[in-house]
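Asks: My questions will all concern the structure given below.
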Amino acid sequence: MNTHAGLLADFLRRQVDESGKTLAVLSKQVGYSTSQISTHLSGRVPPHGLVVGLIAATVPPALRERREAEAVRLLRDAEHPPRTAARPVVPAQGSAMSVARVQAEQLQVYERLTRALEQEGELRKAAENSARLVWVLLGMVNTLEDRVRQLSGERDRLIDRVAEGDAEAAQRRIGRAEEQKAAAESELARAREKQRQAEELADRLRQEIEALTDDLDRLRGDQSSPHDQLPTLAAASPGPGEERDAEADDIDAALARATAVNDQDADTIDRISTELTGQPASVPQAQPLVPDNPLTSPDTVNKSAVQLKEEAEAAADRGDAPEAARLYGALAALSSAYFGPDHGDVLDNRAHHAYWVDESGDPAAARDLYADVITDRTRVLGADHPDTLTSRHNHAYCTEQAGDPATARDLYADVITGRTRVLGPDHPQTLTSRHAHAYCTEQAGDPATARDLYADVVTDSVRVLGADHPETLTSRHTHAYCTEKAGDPATARDLYADVITGRTRVIGADHPQTLTSRHNHANCTEKAGDPAAARDLYADVVTDSVRVLGPDHEDTLTSRHAHAYCTEKAGDPAAARDLYADVITDSARVLGPDHEDTLTSRHTHAYCTEKAGDPATARDLYANIVTGRTRVLGPDHPDTLTSRHAHAYCTEKAGDPAAARDLYADVITDSARVLGADHPETLTSRHNHAYCTGRVGDPATARGLYADVVTGRTRVLGPDHPDTLASRKQFHHWAKEAAGA
């Protein structure tokens, strides 16, 4: 093998290692047998087709053209090794003594050059041996992993069916196979280190050889060069073959041969390193793929990477997110320590770890894990590699789930740019990122922009996936949602009607997603000004939700609350009151009496009770609600202030304006502090407070209070607003009362 063939083999092996692909996989992709690929990767000059095929199979598209050009250049040098032309530099003519001195220098340089060439040959041979040994040992490790798995299955069957002694014998065979696997992995690490050291020393010698060659050419001038007749170094002997018996004794013999080759190469490298540097080459201990157990778990069985991967995949298949996250984390750490953080399998394991961390309920931690994976995948694969883009998409998803939709929106925008450039705007993954981008845009507080983004996604999804594709229907649903949020409930109502038709046809009227669209359709119908139609729509949704989800399901309770709400809006507060009473009973039992949804239903139940003509009962209901909301939300929460206002209102309606006046005074103090003196709700409380003040026989004070309310409402709402006009009317009424008094 010539030097340039070795450089080509090293270059190709590096591409294969970085791809993480096995020889079996590459054999199918490039059309050469595993033994042929192994031979050429060990130093034999390969055909042009194999070189191009290996580059295409192992190098990312963004780097492929440049790597192929480099590989073809190395192949050309290997097929036609270049020689440095001698530069005829005539030495200065002088005395016979000067000529003798030049000849002596020539001989000295020649001896040094000959020794350097011999050392380079030895190092290249050691590197070739190590390269061959790496591929042999990789195959041996894979074989032993299969053997351990096969023997474990046999042991498990024996435990169930035959005597205990046979099972123990099977366990001993497993133990021996695991020891052989650990030894093979250790020798594999040694072989890789020897290959690296030999190649580094050979490169150093090549530089020295080139310098000595130049010196010799300079000294000889036009004379014939002694190194033109340098002896041809023997070609490297073939390394250990790949054929081996599957039985344990033959595996031991193969391991012994591998150890002997490693030891022999180590001696060669140490000797030459000592000659060149004055000290032997450092040989770090190979890091085992199976680490020692910590002292805190002496009875815990060591697990190989294969075992961890199988257990992680099993946990993922059964949906055990915490266990899958733990196992993938251990697998990522173990494989990273052995192969390095940039290996393809390691990057995949780290991405799986991040995914299951998010699935187990910690999106913030998953977000940070994905950020690290993206950094390394971008460096190794490129920013536009499909795997990198997938990690970037998932990173944006976890960012939103962790509570930062604005940042997630911007991250998705970048992912869309990359996926559009690499996959095209119509690729399903691009459409998924566009949907997520629109979602985060709405979550970040811009429903109008999100509506327009969804409109574009829907158009392309209908064209690419079809109008009834589940993802298209999801985008159509959220498009309708954002349309309502942007202030157009009538258009949203019609959009939801179309979504319901599609979802009913595709997944059925009782599917939870269809029920959600039906609920939202009813909601938009009420907001578009038709509470009676909405009431009837909700009645159907409630009937089906009770049957499909159950009466206590959270979605069912929400629809029941909305049905009661629309019943009151349609003019039947008594029926709404009774519906709310049932909702409260079930909400208190399922969610708890102090749950926010329960408190909301209790508030509207009290409201309907007053509207149905029973302000005294409503007053007492509101008193309890104020106590609950104060305890849960605090006295200054807007919902608490609303209930306190309603409590004062019903107190006056129940015939106690003096108590209502005092309640309103407290509400006004807190509302002015929390919401502001000119907030519409504060102004409403001030209006009612003035009214109660007049009712208790103090028209002069009421007149003054109304004067302030009129000023505030005129400033905030305008002089012609109905609320402003109502306050002005009351001002004139109490002014007359004060004048008459």
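Asks: For a test of the definition: using alpha carbon positions, the gyration tensor, and the 1.5 limit on a/c, classify the range 616-741 as rounded, prolate or oblate. Let's see the in-between values first.
Replies: On the way: a/c = 2.45, a/b = 1.40, b/c = 1.74.
It comes out oblate by the Cα gyration axes.
Asks: Something else about it: Between HIS48 and ALA616, how many nm apart are label points set 7 Å from Cα along the C-beta direction?
Replies: A separation of 10.5 nm, rounded to one decimal place.
Asks: Please list VAL546, VAL16 in order of solvent-accessible area, largest first, computed with a 1.4 Å probe with all protein chains present.
Replies: Order by accessible area, largest first: VAL546, VAL16.
Asks: Where does each of PHE11, PHE731, PHE339 land when they are ordered by accessible area, with a 1.4 Å probe and the largest first? Don't skip to the answer; put the middle values down first.
Replies: On the way: PHE11 15, PHE731 60, PHE339 85 Å².
Greatest to least solvent exposure: PHE339, PHE731, PHE11.
Asks: When ligands, DNA and RNA are left out and all protein chains stay put, how many square angstrom of accessible area per residue does the range 691-732 have with a 1.4 Å probe? Please report the intermediate quantities before stating the final value.
Replies: Values: 2250 Å² over 42 residues.
Here the residues of the range 691-732 average 54 Å² of exposed surface.
Asks: Quick check for you: which residues of the range 367-391 have the amide N under 12 Å from the point 7 Å beyond the Cα of VAL25 toward its beta carbon?
Replies: So the set is empty, nothing qualifies.
Asks: Counting pairs of alpha carbon atoms under 8 Å apart in space and at least six apart in sequence, what relative contact order in percent does the range 600-654 give? Write out the running numbers ahead of the final one.
Replies: Details: 56 pairs, mean separation 20.9, N = 55.
With pairs under 8 Å counted, the relative contact order is 38 percent.
Asks: Let me know the shape class of the range 609-653, please: from the alpha-carbon gyration tensor, a ≥ b ≥ c as square roots of the eigenvalues, rounded when a/c is under 1.5, otherwise prolate if a/b is greater than b/c, or oblate.
Replies: prolate
Asks: Something else about it: Can you work out the accessible area per residue across the range 1-63, with the rest of the protein chains kept in place, probe 1.4 Å, in square angstrom?
Replies: Normalised by residue count, the accessible surface of the range 1-63 is 42 Å².
Asks: I've got another one for you. Let me check something: with ligands and nucleic acids excluded, how do THR627, THR598 order by accessible area (1.4 Å probe), largest to smallest?
Replies: THR627, THR598
Asks: Run the numbers for ASP414 and ASP456: contour at 0.36 nm per residue of separation, minus the present Cα-Cα distance, in nm.
Replies: 13.4 nm
Asks: At 7 Å along Cα-to-Cβ for each site, give me the label-to-label distance between HIS637 and GLU313 in nm.
Replies: 4.9
Asks: Can you run phi through the Karplus equation (6.51, -1.76, 1.60; θ = phi - 60°) for the range 661-669 and list ³J(HN,Hα) in whole Hz, with x for Gly and Pro?
Replies: 4, 5, 5, 4, 4, 5, 4, 4, 4
Asks: Right, next: Within the range 1-75, report the GluC sites (Glu not before Pro) that DSSP leaves as loop and that have at most 10 other Cβ atoms within 10 Å.
Replies: Answer by residue number: there is no such site.
Asks: When ligands, DNA and RNA are left out and all protein chains stay put, how many square angstrom of accessible area per residue does the range 303-448 have with a 1.4 Å probe?
Replies: On the way: 6210 Å² over 146 residues.
Per-residue value: 43 Å².
Asks: Can you give the local net charge around ASP414? Use residues other than it whose beta-carbon is closer than 12 angstrom to its beta-carbon, Lys and Arg +1, Asp and Glu -1.
Replies: Neighbourhood net charge equals +2.
Asks: Continuing with the same structure: So which of LYS527/LYS653; LYS485/LYS569; LYS569/LYS653; LYS21/LYS309; LYS181/LYS309 end up more than 26 Å apart by C-alpha?
Replies: Table pairs above 26 Å Cα-Cα are LYS527/LYS653.
Asks: Give me the one-decimal nm value for the distance between modelled label points at GLU471 and THR504, 7 Å along each residue's Cα-to-Cβ direction.
Replies: With each label point 7 Å from Cα toward Cβ, the separation is 2.7 nm.
Asks: On to the next question. Say R0 is 22 Å: what FRET efficiency, to the nearest 0.05, do HIS511 and HIS427 get from their beta-carbon distance?
Replies: 0.20
Asks: Find how much the distance from ALA623 to ALA211 grows on full extension, using 0.36 nm per residue of separation minus their present alpha carbon separation; answer in nm with one decimal.
Replies: Extra length available between ALA623 and ALA211 comes to 138.5 nm.
Asks: Given the whole protein assembly as supplied and a 1.4 Å probe, what does the accessible area of GLU128 come to in Å², nearest 10?
Replies: 10
Asks: Please work out the Cα center distance from the range 662-741 to the range 378-402, rounded to the nearest Å.
Replies: About 58 Å separates the Cα centre of the range 662-741 from the one of the range 378-402.
Asks: Roughly how many Å is it from the Cα centre of the range 410-469 to that of the range 555-612, as a whole number?
Replies: Cα centroid to Cα centroid, the span is 38 Å.
Asks: Ignoring everything but the protein chains, give the 1.4 Å probe accessible area of GLU484 in square angstrom, nearest 10.
Replies: Rounded to the nearest 10, that gives 30 Å².
Asks: Counting only the heavy atoms of the protein chains, how much of GLU681 is accessible to a 1.4 Å probe, in Å² to the nearest 10?
Replies: In the full protein context, GLU681 sits at about 90 Å².
The values are calculated or read from the model by the stated rules, or taken from the named source; none is laboratory data. Predicted model only: the values in this text are computed from it and were never measured. Backbone-built Cβ (ideal geometry, glycine too); neighbour counts: all protein chains shown. Keep in mind that these areas ignore ligands, DNA and RNA; they rest on the heavy atoms of the full protein, side chains included. Shrake-Rupley method; radii C 1.70, N 1.55, O 1.52, S 1.80 Å.
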